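See structure below.
The values are calculated or read from the model by the stated rules, or taken from the named source; none is laboratory data. Here the structure is a predicted model, which means the values were calculated and not measured. Cβ coordinates were reconstructed from backbone atoms using ideal geometry, including for glycine residues, and neighbour counts include every protein chain displayed.
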Ligand code: ADP
């Protein structure tokens, strides 16, 4: 077992602090510890980031790009090792962990390039003797608070654009999965990213979060996690009027029309539902199937779900790992029990297994009043409900406080576009169960969040616009 440390101002620190244990959800073994940092460490990290900002923001875009690229290359060389650590602390199958490393590193590759495309503008003036310039500048120190479900990608999706823009960062990874983050930050050091540009603090989430909220030098807060914590942080950020990016909860509907290619729809549901054991914010949560194809859909889906291999993600061939902790297991169980008690039928799975494992589950005869149709399940539960008309299914799909991702399966292009336009969601998978990619904007409508990450949109939130009016 290793005792890892925090990274502040280019130093590994926190040896003297109490420890937070990191557990392998597949075995319940404690595999490492990290320091239980608090407000003091949080402020020290901001001191370092603020100092480093002076120089880093003056680096040319090409210099920043090269360093991000070096960091990317080192992660690429070490991705098997980091993926294994990720599986051990998070539970996802090794193949998925490796997939996440590639996806995560894709943000560094993209933003290393995007650093070079932070263009300004010259606006035609009214008078002959004026020139109007628009410049973009880094916002300053960025605080990034990240969740446990994507321990690598949720960091690179924030840190990539922040560094590219010329910002410096203070990171607080989830306490359940800090090791992947620490491993990546070790490589930032090796890549030659100057001290203080990237800092990482572990420990008391509330104390660290509060210290950053109160600190006027932190000019931007970027958060991915639960809607509940996001709302608290939003309120807390008001006093110092920070820029905000929020990636919060989702409750993705899947709409399968009567003209869908059923094999494509089943594949889309398998991908969007059972990846990461259902623990992603864009996982399908509610599956609406047209009444005329419902039975055929269930017939095709169930054998595939029953065939999924459950187990420790380090074992060959495992497709569904454990859930992250006991509370996660209980939530999924509660959703299954509530649905079954109020009329749902178990078509596959349904049982909790020893440890933190839940069988991938399919329920039919599901109604909109059931808990699983309202609350984010964050587990391997696929509730299937029938609908009869397009209007009805759009209304039901939009009837949510969330608006992150939605999926539509139809072979009719006009209908697909019509439904896509009617859905109040930030990301639509149209005949696609895996829409996430570094070059596209990711984010939600409604209570699913504020702002977009990824693509050329993702760097805007790290830039201030400065307008210069020149009198000649
Ligand atoms: P999840 O558990 O789904 O990842 P959370 O919103 O609970 O979602 O946690 C996301 C991140 O926010 C984690 O890094 C967690 O430690 C952190 N966090 C939780 N509560 C607070 C808080 N009050 N202030 C700041 N950060 C918090």
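Flag not set for residue 363, criterion: over 30 Å from residue 395 (Cβ atoms) and either modelled with pLDDT of 95 or more or part of a strand (DSSP E or B) (or both).
Of the residues 241, 254, the single one that is more than 16 Å from the ligand (Cβ to nearest atom) and free of Cβ contacts under 8 Å to residues at least 24 places away in the same chain is 241.
If you go through segment 348-363 one residue at a time, do you hit one that is touching a helix residue (DSSP H, G or I) at 6+ places or on another chain (Cβ under 7 Å), closer than 27 Å to residue 85 by Cα and within 16 Å of the ligand (Cβ to nearest atom)? Among the residues of segment 348-363, at least one is touching a helix residue (DSSP H, G or I) at 6+ places or on another chain (Cβ under 7 Å), closer than 27 Å to residue 85 by Cα and within 16 Å of the ligand (Cβ to nearest atom), which makes the answer yes.
Would you check if there is a residue in segment 386-396 being within 24 Å of the chain's Cα centre (by Cα) and either at pLDDT below 95 or surrounded by 19 or more Cβ atoms within 10 Å (Cβ to Cβ) (or both)?
No.
Of all residues in segment 29-54, which are farther than 22 Å from residue 6 by Cβ and either in contact (Cβ under 8 Å) with a residue 40 or more places away in the chain or buried (at least 16 other Cβ atoms within 10 Å of the Cβ) (or both)? Let's see the steps before the verdict.
Applying the first criterion (farther than 22 Å from residue 6 by Cβ) to segment 29-54 yields 29, 54.
Scanning segment 29-54 gives no hits.
Taking every residue in segment 140-151 that is under 28 Å from residue 323 (Cα atoms) and touching a residue at least 60 places away in the same chain (Cβ under 8 Å) and pairing it with any residue that is more than 10 Å from the ligand (Cβ to nearest atom) and assigned to a loop (DSSP other than H, G, I, E, B), at least 6 positions away or on another chain, the pairs with Cβ-Cβ distances below 8 Å are 149/280; 150/280.
Of the residues examined, residue 112 is not one that is crowded, with 19+ Cβ neighbours inside 10 Å, within 16 Å of the ligand (Cβ to nearest atom) and either at pLDDT 95 or above or under 17 Å from the mean Cα position of the chain (by Cα) (or both). The residue that is surrounded by the most Cβ atoms within 10 Å (Cβ to Cβ), counting only those in segment 163-196 that are within 23 Å of residue 233 (Cβ to Cβ) and either more than 16 Å from the ligand (Cβ to nearest atom) or modelled with pLDDT under 95 (or both), is 163. Residues in segment 367-379 include none that are at negative phi, touching a residue at least 40 places away in the same chain (Cβ under 8 Å) and part of a strand (DSSP E or B). Does residue 287 qualify as being under 30 Å from residue 91 (Cβ atoms), in a loop (DSSP other than H, G, I, E, B) and in contact (Cβ under 8 Å) with a residue 60 or more places away in the chain? It is false that residue 287 is under 30 Å from residue 91 (Cβ atoms), in a loop (DSSP other than H, G, I, E, B) and in contact (Cβ under 8 Å) with a residue 60 or more places away in the chain.
Could you tell me whether any residue of segment 87-105 is within 17 Å of residue 152 (Cβ to Cβ), outside any helix (DSSP H, G or I) and either at pLDDT below 95 or touching a strand residue (DSSP E or B) at 6+ places or on another chain (Cβ under 8 Å) (or both)? Yes, that holds for at least one residue. When segment 206-224 is filtered for residues that are farther than 20 Å from residue 450 by Cα, away from the ligand (no atom under 12 Å from the Cβ) and in contact with a strand residue (DSSP E or B) (Cβ under 6 Å, 6 or more places away or on another chain), only 217 remains. Considering every residue within segment 22-40, establish whether at least one is touching a helix residue (DSSP H, G or I) at 6+ places or on another chain (Cβ under 9 Å), part of a helix (DSSP H, G or I) and under 21 Å from residue 206 (Cα atoms). Within segment 22-40, one or more residues are touching a helix residue (DSSP H, G or I) at 6+ places or on another chain (Cβ under 9 Å), part of a helix (DSSP H, G or I) and under 21 Å from residue 206 (Cα atoms). Going through segment 126-139 one residue at a time, which ones are farther than 15 Å from residue 163 by Cβ, assigned to a loop (DSSP other than H, G, I, E, B) and in contact (Cβ under 8 Å) with a residue 40 or more places away in the chain? The answer is 129, and nothing else.
Within segment 116-135, is even one residue surrounded by fewer than 22 Cβ atoms within 10 Å (Cβ to Cβ) and within 22 Å of the chain's Cα centre (by Cα)?
Within segment 116-135, the first condition is being surrounded by fewer than 22 Cβ atoms within 10 Å (Cβ to Cβ), and the residues that meet it are 116-135.
This time we only want the ones that are within 22 Å of the chain's Cα centre (by Cα), so: none.
No, because not a single residue in segment 116-135 is surrounded by fewer than 22 Cβ atoms within 10 Å (Cβ to Cβ) and within 22 Å of the chain's Cα centre (by Cα).
Might you check whether a residue that is within 21 Å of residue 22 (Cβ to Cβ), surrounded by fewer than 24 Cβ atoms within 10 Å (Cβ to Cβ) and more than 16 Å from the ligand (Cβ to nearest atom) occurs anywhere in segment 144-160? Among the residues of segment 144-160, not one is within 21 Å of residue 22 (Cβ to Cβ), surrounded by fewer than 24 Cβ atoms within 10 Å (Cβ to Cβ) and more than 16 Å from the ligand (Cβ to nearest atom), which makes the answer no.
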